[in-house]
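Notes follow the structure.
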Amino acid sequence: MDMRITRDGTWFYMGSPIGRKKLVELFSTVLRRDEDDEFYLVTPVEKLRIRVDDAPFVAVEVDCVNPGENQELLFRTNVGDVIKADGEHPVRVVTDLKTQEPSPYVLIRDRLEALIARPVFYELVERAQERNHDGITELGLYSCGEFFSLGKL
């Protein structure tokens with residue numbers, strides 16, 4: 001199927017962006033990532049492979065509930081999912097070896113991640129705190145009792 005999700009979370013069908021948000025939200029509910037690391041839209045009668053440039057979703061907003069030691073970070077995606085960062089929905093940062101540019105992600109469900117949008121990532125960095133772990137100083141955040149590293153200092 002000629003369907004593609006770009007890095008900014010835009011869904012395309014046959015080279016044209018899908019402009020109906022409700023249709024994209026519907027497609028997102030049947031999106032799967034199988035063990036072959038390919039992405040599929042799966043219904044009871046069809047399984048169609050689609051292309052995903054990076055992550056299929058984008059975390060466009062973060063809300064911090066109960067700031068401090070017991071804080072919870074709630075992420076909202078471009079398709080309306082709201083996920084609490086915790087042990088089952090970790091935040092991770094991948095650094096490009098050539099450019100040293102970070103790409104932060106949060107796990108949404110079943111091997112499907114959201115790329116954390118740059119403004120949201122900057123907000124996380126502003127809230128971050130330093131932690132020394134095994135002689136290495138990290139910058140990161142707590143959510144639901146879990147520490148999520150944003151990078152080493």
Kindly indicate which of Asp63, Asp86 is outside any strand (DSSP E or B), over 17 Å from Ile5 (Cα atoms) and of a type in the set (Asp, Glu).
-> Asp86
Filter region 53-94 down to residues that are within 24 Å of Trp11 (Cα to Cα) and without any contact (Cβ under 8 Å) to a residue 12 or more places away in the chain, then give me how many there are.
-> 2
Where Leu112 falls short, out of the listed (1) over 16 Å from Ser149 (Cα atoms); (2) crowded, with 19+ Cβ neighbours inside 10 Å; (3) of a type outside the set (Asp, Glu) = (2)
For region 55-93, what are the residues that are surrounded by fewer than 19 Cβ atoms within 10 Å (Cβ to Cβ), under 18 Å from Glu146 (Cβ atoms) and of a type in the set (A, V, I, L, M, F, W, C)?
-> Cys64, Val65, Leu74, Val82, Val93
So how many residues does region 13-68 have that are among the aliphatic types (A, V, I, L, M) and farther than 16 Å from Tyr105 by Cβ?
-> 12
Do you know which of the residues in region 42-54 that are part of a loop (DSSP other than H, G, I, E, B) and surrounded by 12 or more Cβ atoms within 10 Å (Cβ to Cβ) is farthest from the chain's Cα centre (by Cα)?
-> Asp53
Of all residues in region 1-19, count the ones that are over 19 Å from the mean Cα position of the chain (by Cα) and polar (S, T, N, Q).
-> 1
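FYI, it's all coordinate maths here, none of it is from the lab. Fair warning: this is a prediction, and the values are worked out from it, not measured in the lab. Neighbour counts are summed over all protein chains in view; Cβ atoms, including those assigned to glycine, are modelled from backbone coordinates with ideal geometry.
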